[in-house]
1. Quick test for you: out of Ser121, Ser177, Ser194, pick the one residue that is of a type in the set (Gly, Ala, Ser) and without any contact (Cβ under 8 Å) to a residue 60 or more places away in the chain.
2. For region 201-254, how many residues are surrounded by 16 or more Cβ atoms within 10 Å (Cβ to Cβ) and touching a residue at least 40 places away in the same chain (Cβ under 8 Å)?
3. In the same structural domain as Asp205 (by TED's automatic domain parsing), β-branched (Val, Ile, Thr) and over 29 Å from Pro240 (Cβ atoms): which single residue out of Val52, Val122 fits that description?
4. Given (1) in contact with a Phe, Trp or Tyr (Cβ under 8 Å, 6 or more places away or on another chain); (2) surrounded by 15 or more Cβ atoms within 10 Å (Cβ to Cβ); (3) over 30 Å from Asp215 (Cβ atoms), where does Ile159 come up short, assuming only one miss?
5. Within region 102-115, is even one residue assigned to a loop (DSSP other than H, G, I, E, B) and more than 28 Å from Lys44 (Cα to Cα)?
6. Any idea which of Val110, Val132, Val141 is modelled with pLDDT of 95 or more and in contact with a Phe, Trp or Tyr (Cβ under 7 Å, 6 or more places away or on another chain)?
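The values are calculated or read from the model by the stated rules, or taken from the named source; none is laboratory data. Since we're looking at a predicted model, the values are computed, not measured. Here the Cβ positions follow ideal geometry from the backbone for every residue, glycine too, while neighbour counts run over all protein chains shown.
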Amino acid sequence: MKQKSTLNTLMCSLLGMVLCSQTIYAQENNPTELERTAGKNLIKINLPALAVSNFSFQYERAIGKKTAVGLGLRIRPEGDLPFKSFLEKQIDDPETWASFKDTQLSSFAVSPEIKFYFGKSVFHGFYLAPFVTYATYGGNVTALYGNNNENKLPLTGDITAITGGLKIGGQWALSKSIYLDLFIGPNYGVSSGSLAGSKALSQSDQDEVIKFLEDLEDLPLVKIEYDVNANGAKASFDGPWGGLRGGLSIGFRF
């Protein structure tokens with residue numbers, strides 16, 4: 001009797017383990033009722049970007065069990081250089097810093113992407129997301145020239161950049177509707193832009209402005225062409241462009 005009782009206990013335990021493993025497998029590999037009734041849309045805002053006056057949003061739409069498409073939008077209203085005090089410490093030339101310290105910058109970018117999730121379902125777990133970014137940056141810089149840099153020529157312009165990259169991240173559901181997304185995404189591509197300013201310039205002034213623009217040619221991997229005349233100056237440039245998308249976003253699913 002004792003052996004039969006022990007055998008029954010082992011059989012029940014084994015059956016219980018099998019049923020438990022099957023339940024766990026089903027939970028991990030099949031959508032729950034919550035997943036079946038949840039929306040296919042997710043809208044998010046990047047929280048750390050707010051610290052540098054960037055308003056960064058993303059809309060995401062599920063198109064498969066573990067696949068989604070997304071569109072990112074980033075807007076930065078015109079304002080001071082981000083991390084201005086840090087940049088001042090990095091630029092050890094007072095004359096160079098004097099040209100950039102009052103710079104105002106703005107930007108706009110859109111980033112379409114496709115996301116492949118490796119979790120139990122779409123919007124869950126680790127993911128990879130190839131993306132393309134089209135971005136424009138507006139700003140100004142001051143060309144200082146003359147004795148002790150007492151003369152100024154404001155130059156304004158913009159840069160356009162097109163890059164591609166791969167975003168790596170993880171996303172978790174905090175509730176049925178609230179999600180948390182942590183990601184990083186290096187990108188690389190090409191850029192072009194120009195700066196221009198109008199002001200009456202003597203020949204000696206033109207020579208000084210040319211010296212200022214020549215210093216910009218020291219920037220790595222950037223090709224600069226410029227034209228300086230009695231009415232002002234214009235510089236055009238192009239070259240490689242790199243960047244890094246990253247952040248911690250909070251989202252709402254609907």
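1. Ser194
2. Final tally of qualifying residues: 20.
3. Val122
4. (3)
5. yes
6. Values: Val132 fails: in contact with a Phe, Trp or Tyr (Cβ under 7 Å, 6 or more places away or on another chain); Val141 fails: modelled with pLDDT of 95 or more.
Going through Val110, Val132, Val141 in turn, the sole match is Val110.
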